[in-house]
1. Which condition breaks for Pro151 when tested against (1) open to solvent by 60 Å² or more (accessible area, probe 1.4 Å); (2) modelled with pLDDT of 90 or more; (3) not basic (Lys, Arg)?
2. Can you tell me which of Val54, Val23 is at negative phi, of a type in the set (Val, Ile, Thr) and surrounded by fewer than 18 Cβ atoms within 10 Å (Cβ to Cβ)?
3. Which residues, taken from segment 212-249, are modelled with pLDDT of 95 or more and of a type in the set (S, T, N, Q)?
4. Quick one: how many residues across segment 201-211 are at pLDDT below 95 and buried (at least 16 other Cβ atoms within 10 Å of the Cβ)?
5. Conditions first: (1) within 30 Å of Pro94 (Cα to Cα); (2) in a helix (DSSP H, G or I); (3) not hydrophobic (A, V, I, L, M, F, W, C). His218 passes all but one, so which condition is the exception?
6. Is it the case that some residue within segment 90-100 is hydroxyl-bearing (Ser, Thr, Tyr) and touching a helix residue (DSSP H, G or I) at 6+ places or on another chain (Cβ under 7 Å)?
7. Does segment 160-177 contain at least one residue that is small (Gly, Ala, Ser), at pLDDT below 90 and in contact with a Lys or Arg (Cβ under 9 Å, 6 or more places away or on another chain)?
8. Collect the residues in segment 212-249 that are over 30 Å from Leu15 (Cα atoms) and open to solvent by less than 50 Å² (accessible area, probe 1.4 Å), keeping them in residue-number order.
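The values are calculated or read from the model by the stated rules, or taken from the named source; none is laboratory data. Because the structure is a prediction, the values reported are computed rather than measured. Here the Cβ positions follow ideal geometry from the backbone for every residue, glycine too, while neighbour counts run over all protein chains shown. The protein model used for the area step is the full one, side chains on, heavy atoms only, and it has no ligands, DNA or RNA in it. Shrake-Rupley method; radii C 1.70, N 1.55, O 1.52, S 1.80 Å.
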Amino acid sequence: MLTGYRFRPGWTTTLVFALLLPVLIGLGFWQLDRAAEKTALRDRYAERGRMAPVNVNRQVPDAAGMDFRRAEARGRYLGDLTIYLDNKVLDGVPGYEILTPLKISGSGTEGTRGILVNRGWIPWGESRRTLPEIDTPSGVLEVSGRLRAPPRDYFTLADEPEDGDLQPLWQNLDLERYERATGLPVAPLVLELDPDAAGAGGFVRRWRDYDDVWIDRHKAYAVQWFALALTLVVLYVVLNLVKRKTEVP
């Protein structure tokens, strides 16, 4: 069908093609690598969730290796050190997440005396000026749930609590600041209370499994980069086709 044309690439178009094509293909494979990394992270967290629970009374949770690991602990709630995490929305309703430290019973914790327990979500209530009252169980409790590392990168519009001054309303959770404000050493991970835990002072608990939406986005971006590379090849060929001259008899 193209017998009347011949391929005569020019230096300019060839140079542009040679520079752009590896870049486009490289970006496509880079996006696939990013998707593979995040898929591996998701699978690693899922595998941790299937492992035997960590006993916090016997072992200090490791922030690097126990995120999303199940755990159990025995101790007493320190209700006066409870904090309200603000701007937590559930089903379109704004509210708070309630975090109360559990003072660990027994020994073998090597400096870790407590662990913050995320007891779940409650609505704002009638007024933003007054925090809702909550009940905290007393006595020795056995709690179980999932360990989670608080986000380290966050943005806030409000002033954070000063060191040595524990305010109940927090915009973001900073465990180091919490320790300074309360004087209570806590584990580097938070225990999200099991949704079906009874008698542990829980509220609404709908914990999300780890699922990075960027996995599919990286794959979609890879397809776009490869499509651009294919388009570049087609353009390079079309732009360098020259119609053969017909000889006049």
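1. (2)
2. Numbers: Val54 fails: surrounded by fewer than 18 Cβ atoms within 10 Å (Cβ to Cβ).
Answer to the selection: Val23.
3. Gln224, Thr231
4. 1
5. Evaluating His218 over (1) within 30 Å of Pro94 (Cα to Cα); (2) in a helix (DSSP H, G or I); (3) not hydrophobic (A, V, I, L, M, F, W, C) leaves (1) as the failure.
6. To start, the set of residues in segment 90-100 that are hydroxyl-bearing (Ser, Thr, Tyr) comprises 96, 100.
This time we only want the ones that are touching a helix residue (DSSP H, G or I) at 6+ places or on another chain (Cβ under 7 Å), so: 100.
Yes: segment 90-100 contains one or more residues that are hydroxyl-bearing (Ser, Thr, Tyr) and touching a helix residue (DSSP H, G or I) at 6+ places or on another chain (Cβ under 7 Å).
7. yes
8. Asp212, Ile215, listed by residue number.
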